[in-house]
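Worksheet: one structure, shown below.
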Amino acid sequence: MAEPLLRVDDLKVHFPIEGGMLLRKQVGSIRAVDGVSLTVNRGETLGLVGESGCGKSTTGLAIMRMLTPTGGRIAFEGQDITAYDKAQMRPLRRRMQMVYQDPYGSLNPRMKVRDLIGEPLVVHGLASDRRAYEDKIASLMRTVGLLPAMADRYPHEFSGGQRQRIGIARALALEPSLIICDEPVSALDVSIQAQVVNVFVDLQQRLGLAYVFIAHDLAVVRHVSDRIAVMYLGRIVEIAKRDTLYRSPQHPYTQALLAAVPVADPVVEASRSRAIVSGEVPSATKPPPGCAFHTRCPHAFARCRTELPALRDLGDGQAVACHLDEANG
Amino acid sequence: MNAPVKPELSGTDEARGGAPLLSVRDLVTRFRTDRGAVTAVDHVSFDVRAGETLAIVGESGSGKSVTALSILRLIPDPPGSIESGQILFDGQDLLGLSEAEIRAVRGNRIAMIFQEPMSSLNPALTVGMQVGEPIHQHRGAPWAKVLRQARDLLGRVRMSDPDARVGAYPHQFSGGMRQRAMIAMALACDPQLIIADEPTTALDVTVQAQILDLLQDLAKRANSALILITHDLGVVARYADRVVVMYAGRVVETAPARELYARPRHPYTRGLMASVPRLDGDTAKRLVPIEGQPPDLSALPPGCAFAPRCQEATETCRLSRPPLRAVGTRHQVACTLEN
């Protein structure tokens with residue numbers, strides 16, 4: 001099999017908690033990401049889902065090397081980038097880009113759309129030929145469904161959905177092979193979400209892009225992803241092909257997440273089983289021992305409270321971290 | 001527990017089929033802005049019956065939240081004002097009440113739950129004092145008794161260890177616990193109507209399910225009416241008996257939930273349903289978005305507000321505004337094409 005575009009092995013990102021008045025010293029750490037391994041192939045979408053504090057966004061930032069990992073290894077296009085500094089990362093920035101949740105906060109309000117989209121080209125010295133530069137911007141705008149005639153406007157003149165398209169055009173400017181999308185549609189109105197989701201799907205088909213699609217909306221993630229990883233308190237608890245995950249989720253947390261999401265059909269809803277899991281996600285500063293989900297798991301037994309379950313391969317790309325599964329399997 | 005006796009409603013038989021508990025008629029709420037006057041709620045009418053869950057669904061700017069605030073007369077004036085209409089609650093027009101009279105209704109017979117529990121709770125007061133405050137205000141109960149009742153209320157919203165929680169402060173609570181406390185506060189005076197404005201949007205999905213199940217269960221048990229304001233069609237499908245769909249400040253369609261999902265009649269309702277990916281949907285199919293941009297309330301077209309985005313719009317749609325018309329039992333649509 002060909003080398004994956006992105007390979008993450010045992011990634012750890014721990015943030016120090018500092019205490020003390022004069023001499024700041026570390027009194028603990030938040031294990032935001034604690035041993036995540038995943039791969040993304042060319043042209044593929046990996047969905048990353050989980051609730052707040054599960055580490056999905058931190059994983060995205062670490063892959064982009066906007067954060068320095070505490071441990072583990074990140075390889076992109078065959079290069080180990082785990083310890084790369086800014087200068088070393090620079091040429092790679094062309095190949096991996098990011099689209100953010102907030103289309104309001106992530107665009108400089110004083111810059112025209114033309115300059116926002118063109119900025120990455122200028123930064124990377126690809127704007128020497130004025131004519132080609134203008135053509136490129138017009139073509140990028142058309143690609144994401146914006147009229148090139150709007151190039152001289154400022155971000156505030158656009159709606160949320162249009163601003164997200166500007167963010168996507170900007171990410172596309174350098175022709176990346178991977179885009180990390182962090183909640184890219186969750187700030188948008190329902191009727192606009194579908195427009196932007198379709199832009200992502202179309203671009204992938206046309207340009208062969210790979211996405212890491214980070215979102216909390218399981219229906220959106222299901223729609224765009226080839227494979228999906230479910231995270232809970234810094235770890236992947238289950239990873240599988242899209243249809244496998246939704247048809248036969250193995251981890252009790254995956255099952256709970258799916259049961260909690262209502263389906264937009266009253267007839268289906270009336271007949272659905274509603275196994276609602278109790279409690280809330282525990283604090284990442286003091287994760288429970290053993291399996292972090294045991295405090296909420298309806299099936300937890302003694303072993304779950306003491307021993308951390310490893311991610312076990314079930315075949316066909318599905319892996320699950322659960323003692324229950326091992327006991328039954 | 002010995003809850004205060006509820007004022008007699010209009011009788012169960014009537015409550016089921018007859019007089020609604022709340023009847024909003026031709027409500028108009030306007031705001032003055034830099035860009036001129038904006039009609040946020042534009043001749044909105046709907047009914048809610050005792051024991052019923054009504055969902056008001058719409059996107060940002062649809063007027064769903066302003067409608068809720070108008071019912072309780074919580075529109076900041078200036079810049080806003082309720083221009084006309086009637087809000088008949090249990091036979092009485094809330095718009096005709098004095099400021100003191102409406103205060104006696106708020107938190108007592110009608111309670112409201114907001115999206116962000118952290119900004120709705122006072123960080124400097126204990127949770128028990130805030131949960132019990134409506135009892136103190138409306139029933140004049142002494143604080144010792146209020147705190148005992150607050151403890152019972154926290155138990156009713158299934159908070160673990162209510163004895164300890166009553167003396168705790170909001171920052172010691174998680175998001176889900178804060179929203180439980182808000183529900184406890186809303187229930188304090190056994191309201192006939194609870195209005196919940198996006199009560200779980202800020203919460204994780206597993207907690208959202210817990211909170212909405214709890215809210216509906218408690219409302220149904222007390223035969224209270226629940227108005228659930230949301231943008232989430234899944235939440236509507238799971239919890240609503242009846243649905244009001246709003247667009248640009250207007251009601252475009254209203255129907256019983258099953259009827260609405262089985263036979264959506266307004267192109268906007270149909271568009272919303274086609275644009276949302278479903279957990280059980282066909283992933284090979286493209287989503288069908290609603291083209292165009294959300295409406296600009298300061299520059300609405302003269303006719304149907306949805307016409308600029310509607311694939312089926314005709315000249316008539318662009319020129320004259322369609323009234324809400326019955327197309328079935330309790331099913332109404334504001335669309336010229338439905339004639």
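General observations
- Hey, B:Asp204 surrounded by fewer than 20 Cβ atoms within 10 Å (Cβ to Cβ) and at pLDDT below 95 or not: no
- Remark: pairs (first residue in the stretch A:270-283, in a loop (DSSP other than H, G, I, E, B); second residue of a type in the set (Asp, Glu); Cβ separation under 9 Å; 6+ apart in sequence or on different chains) = A:Arg274/B:Asp213; A:Ile276/B:Asp213; A:Glu280/A:Glu51; A:Glu280/B:Asp204; A:Val281/A:Glu51; A:Val281/B:Asp204.
- Condition met for B:Arg286 (within 11 Å of another protein chain (Cβ to nearest Cβ), within 20 Å of B:Phe46 (Cβ to Cβ) and without any contact (Cβ under 8 Å) to a residue 60 or more places away in the chain): no
- One residue stands out in the stretch B:39-60 among those that are closer than 17 Å to B:Leu260 by Cα and assigned to a strand (DSSP E or B): the one that is nearest to the other protein chains (Cβ to nearest Cβ), namely B:Val57.
- With respect to being free of Cβ contacts under 8 Å to residues at least 40 places away in the same chain and either part of a loop (DSSP other than H, G, I, E, B) or buried (at least 20 other Cβ atoms within 10 Å of the Cβ) (or both), B:Arg180 fits the description.
- Count - residues of the stretch B:165-211 that are among the β-branched types (Val, Ile, Thr), within 17 Å of the chain's Cα centre (by Cα) and more than 14 Å from chain A (Cβ to nearest Cβ): 3
- Among all residues of the stretch B:304-318, there is none that is within 7 Å of chain A (Cβ to nearest Cβ) and either in a loop (DSSP other than H, G, I, E, B) or at negative phi (or both).
- Selected residue [more than 14 Å from chain B (Cβ to nearest Cβ), in a loop (DSSP other than H, G, I, E, B) and closer than 25 Å to B:Gly176 by Cβ] from A:Pro262, A:Pro288, A:Pro298: A:Pro288
- Comparison of A:Leu218, A:Leu209, A:Leu257 shows that the only residue that is at negative phi, more than 15 Å from the chain's Cα centre (by Cα) and of a type in the set (A, V, I, L, M, F, W, C) is A:Leu257.
- Filtered by the rule that a residue be of a type in the set (Lys, Arg) and surrounded by 14 or more Cβ atoms within 10 Å (Cβ to Cβ), the stretch A:116-157 gives A:Lys136, A:Arg153.
- Selection of the stretch B:232-244 for residues being more than 7 Å from every other protein chain (Cβ to nearest Cβ) and of a type in the set (A, V, I, L, M, F, W, C) yields B:Val236, B:Ala240, B:Val243, B:Val244.
- Odd one out for A:Gly53, checked against (1) of a type in the set (Gly, Ala, Ser); (2) part of a strand (DSSP E or B); (3) farther than 28 Å from A:Asp202 by Cβ: (2)
- Extreme residue, modelled with the highest pLDDT, among residues of the stretch B:142-162 that are surrounded by 17 or more Cβ atoms within 10 Å (Cβ to Cβ) and part of a loop (DSSP other than H, G, I, E, B): B:Val157
- From the list A:Val199, A:Val212, A:Val220, the lone residue that is of a type in the set (A, V, I, L, M, F, W, C), at the interface with chain B (Cβ under 10 Å from one of its Cβ atoms) and touching a strand residue (DSSP E or B) at 6+ places or on another chain (Cβ under 9 Å) is A:Val220.
- B:Ser298, sole failed condition from (1) crowded, with 17+ Cβ neighbours inside 10 Å; (2) touching a residue at least 60 places away in the same chain (Cβ under 8 Å): (1)
- Checking A:Ala194 against (1) of a type in the set (A, V, I, L, M, F, W, C); (2) within 16 Å of the chain's Cα centre (by Cα); (3) facing chain B (nearest Cβ under 10 Å), the condition it does not meet: (2)
- Positions within the stretch A:233-257 being within 11 Å of chain B (Cβ to nearest Cβ) and either part of a loop (DSSP other than H, G, I, E, B) or buried (at least 21 other Cβ atoms within 10 Å of the Cβ) (or both), in sequence order: A:Tyr253, A:Ala256, A:Leu257
- Residue within the stretch B:215-233 that is at positive phi, in contact with a strand residue (DSSP E or B) (Cβ under 7 Å, 6 or more places away or on another chain) and in contact (Cβ under 8 Å) with a residue 12 or more places away in the chain present: no
- Any chance A:Asp316 is away from chain B (no Cβ under 13 Å) and farther than 30 Å from B:Val243 by Cα: yes
- Residue in the stretch B:240-253 that is under 14 Å from the mean Cα position of the chain (by Cα), among the charged types (D, E, K, R) and closer than 20 Å to B:Thr200 by Cα present: yes
- Residues considered: A:His294, A:His323, A:His299. Of these, the only one that is out of contact with any strand residue (DSSP E or B) (no Cβ under 6 Å at 6 or more places or on another chain) and surrounded by fewer than 16 Cβ atoms within 10 Å (Cβ to Cβ) is A:His299.
- If you filter the stretch A:10-47 down to residues that are in contact with a helix residue (DSSP H, G or I) (Cβ under 7 Å, 6 or more places away or on another chain) and farther than 11 Å from A:Val212 by Cα, you find that the one that is surrounded by the most Cβ atoms within 10 Å (Cβ to Cβ) is A:Val33.
- Candidates A:Glu183, A:Glu157: the one that is within 14 Å of chain B (Cβ to nearest Cβ) and more than 24 Å from the chain's Cα centre (by Cα) is A:Glu157.
- Filtered residue count, the stretch B:289-303, keeping only those that are within 14 Å of chain A (Cβ to nearest Cβ) and assigned to a loop (DSSP other than H, G, I, E, B): 8
- Contacts under 7 angstrom Cβ, first residue in the stretch B:57-70 being on the phi < 0 side of the Ramachandran plot and among the charged types (D, E, K, R), partner crowded, with 24+ Cβ neighbours inside 10 Å and assigned to a loop (DSSP other than H, G, I, E, B), 6 or more apart: B:Lys64/B:Gly58
- Within the option set A:Val196, A:Val185, A:Val230, A:Val212, being surrounded by 20 or more Cβ atoms within 10 Å (Cβ to Cβ), outside any helix (DSSP H, G or I), among the aliphatic types (A, V, I, L, M) and modelled with pLDDT under 95 holds for one residue only, A:Val185.
- Hey, B:Leu215 more than 10 Å from chain A (Cβ to nearest Cβ) and either in a strand (DSSP E or B) or surrounded by 20 or more Cβ atoms within 10 Å (Cβ to Cβ) (or both) or not: yes
- Members of the stretch B:245-282 found to be farther than 24 Å from B:Gln293 by Cβ, within 8 Å of chain A (Cβ to nearest Cβ) and either in a strand (DSSP E or B) or modelled with pLDDT under 95 (or both), listed by number: B:Arg278, B:Leu279, B:Asp280, B:Gly281
- Here is the figure for the stretch B:218-244: residues that are in a helix (DSSP H, G or I) and under 19 Å from A:Asp265 (Cα atoms) total 7.
The values are calculated or read from the model by the stated rules, or taken from the named source; none is laboratory data. These numbers come from a predicted model, not from an experiment. Note: ideal-geometry Cβ built from the backbone for every residue, glycine included; neighbour counts use all protein chains shown.
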